[in-house]
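> Encoded as C-alpha cells, here's the structure I'll be asking about.
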Amino acid sequence: MKNIVFKVLLINLLSVFLYTDDVFSQVKKIPTTADTLNNLTKEFISTYNNFSKTLDKESVLKYMDKSVSALLTNTNISKNVLKFKSDYKGFEDYLDKLKEATQRGIILGYRLTGIIRTYVNGDMGVVTYTADYDIHRQKKMWAKGTETVTLAFKRQKEEWKIIHYTTATIEDHKFVGECYCEYAELPNNSFETNTMIPAGKGYEEKKSKVSFEEVNEGDVRIRKVRVDDKVYRWELSSELFTDVAPQTATTVSSGTSGLSIQSLGKSRTKQEVLEKVILHYFQENCQEIKSKKLAKK
C-alpha cells in the first residue's frame, strides 16, 4: 500500500515539475527587459532601412499590431508644420508608395542615432529614439532631416507588437534637383501629370492638370497654358511667359501689384511647354526635370 501511495506522489511531483518547467521555458521566450525592447527597436529600424533593397513589405509590417495607431508631425525646411493620424492601413499604403518610389530610383536611408529612453512595465513597454534620414535619387541628394520617434509596445503571447507610435520629423535640408514627371494626354487638349518631388522623410507625388487653350484678346489670338490655378502665355513666336502679357524685358514689374513677368524661353512643342511650366510650377523643389509620356487616357 505504501509503495502505491509513494508511486502516486512521485507521479504527481513529476507532473508538477514538468508543467513548471514548461511554463518557465515559455516565459523565457517572452521579452521582459529593456535590452530586449531596445534590440527589437534596432531590428525594426534595420529592416525598415533595408526596405529599399528587399521591397519586402511584410518584413516591416510584422512589427506592427493590426490595431496600431499613429500621430505624425512633419516640419519642412520652410517651417510649415503638418500633423496627421495614421493606422495599420496607412503605414501599409506608405510602404506601397515607398516601394513604387524605390523602383523609380528614389532611395530612403534611415539610421538610428540614439535611444533616449526605454521603459518596461509588465506587458507594456515604451522606447523613444532619434534617427537621421536622407533621400537620394540616382545618387543625388534630395532631402535629409532628423526624426524623434516613440514606440509603444504590448506583449502578446510570446511577442511584442507596436500598438502606437508618434513621430516628430524635422527637415534639415532640401536639395533642389532633378524631378521626374509622367504625363498622359486627356481629351479637350489637356494633360494629366504626376510629378515626383522630394518632401520630408519620403517624397510626394503631385498630380496636376495642364490644359492648352486659345482665346481672343481683342483682335489678337493668344495661347494660354494652365497648370491648376496658375496661367502661362505661349506666344505664336514660341516664347513662353509666366502669368500675363509679356513686354520687351525678360522680367518686368507689373506696377504696384508686385507681380513680375518672366520669360521661360522658347518652346516649339506641347511637350517642351509642359516640361517648362511644370519645372516653373515646382521651382522650389526642381532644378531639372525629366518627363515620360504615358498612353492616352
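> Condition first: farther than 23 Å from LYS140 by Cα, touching a residue at least 60 places away in the same chain (Cβ under 8 Å) and polar (S, T, N, Q). Now tell me which residues in the stretch 72-116 satisfy that.
Listed by number, the list holds a single entry, THR73.
> On to the next question. As an exercise: evaluate THR169 against (1) surrounded by 15 or more Cβ atoms within 10 Å (Cβ to Cβ); (2) over 26 Å from LEU279 (Cα atoms); (3) over 17 Å from the mean Cα position of the chain (by Cα) and give the number of the one condition it does not meet.
(3)
> Which strands (runs of 3 or more DSSP E) does the stretch 155-245 wholly contain that include 1 or more residues that are at pLDDT below 85 and basic (Lys, Arg)? Break it down stepwise before answering.
On the way: elements: 159-174, 177-186, 190-198, 203-217, 220-227, 230-234, 239-242.
Hits in the stretch 155-245: 159-174, 220-227.
> From the list LYS99, LYS66, LYS89, pick out the single residue that is under 18 Å from ILE163 (Cβ atoms), in the same structural domain as PHE44 (by TED's automatic domain parsing) and assigned to a helix (DSSP H, G or I).
Details: LYS99 fails: under 18 Å from ILE163 (Cβ atoms); LYS66 fails: assigned to a helix (DSSP H, G or I).
LYS89 is the lone residue from the list that is under 18 Å from ILE163 (Cβ atoms), in the same structural domain as PHE44 (by TED's automatic domain parsing) and assigned to a helix (DSSP H, G or I).
> Moving to a separate point now. Of everything in the stretch 30-49 that's assigned to a loop (DSSP other than H, G, I, E, B) and surrounded by 15 or more Cβ atoms within 10 Å (Cβ to Cβ), which residue is modelled with the highest pLDDT? If you could, list the steps in order and put the result at the bottom.
So in the stretch 30-49, the residues assigned to a loop (DSSP other than H, G, I, E, B) come out as 30-33.
Narrowing the set further to residues that are surrounded by 15 or more Cβ atoms within 10 Å (Cβ to Cβ) leaves 31-32.
Values: PRO31: 44, THR32: 60.
That would be THR32.
> If you take the residues in the stretch 50-63 that are of a type outside the set (A, V, I, L, M, F, W, C) and buried (at least 17 other Cβ atoms within 10 Å of the Cβ), which one is modelled with the lowest pLDDT?
SER52
> Of the conditions (1) over 27 Å from MET196 (Cβ atoms); (2) in contact (Cβ under 8 Å) with a residue 60 or more places away in the chain, THR130 satisfies every one except a single condition; which number is it?
Among (1) over 27 Å from MET196 (Cβ atoms); (2) in contact (Cβ under 8 Å) with a residue 60 or more places away in the chain, the lone unmet condition for THR130 is (2).
> List the number of the failed condition for LYS66; all other conditions in (1) surrounded by fewer than 17 Cβ atoms within 10 Å (Cβ to Cβ); (2) modelled with pLDDT under 95 hold.
Unmet condition: (2).
> A further question on this structure: So GLY145 passes all but one of these: (1) touching a Ser or Thr at 6+ places or on another chain (Cβ under 8 Å); (2) modelled with pLDDT under 80; (3) not polar (S, T, N, Q). Which condition number does it fail?
All conditions pass for GLY145, except number (2).
> Kindly provide the set of residues from the stretch 89-103 that are of a type in the set (Lys, Arg) and in contact with a Lys or Arg (Cβ under 8 Å, 6 or more places away or on another chain), ordered by number. Walk me through how you get there before you give the answer.
Going residue by residue through the stretch 89-103, those that are of a type in the set (Lys, Arg) are 89, 97, 99.
LYS99 - this is the single residue of the stretch 89-103 that is of a type in the set (Lys, Arg) and in contact with a Lys or Arg (Cβ under 8 Å, 6 or more places away or on another chain).
The values are calculated or read from the model by the stated rules, or taken from the named source; none is laboratory data. Keep in mind that this is a model prediction, so the values were computed, not measured. With ideal geometry, Cβ positions are generated from the backbone for all residues, glycine too; neighbour counts draw on all protein chains shown.
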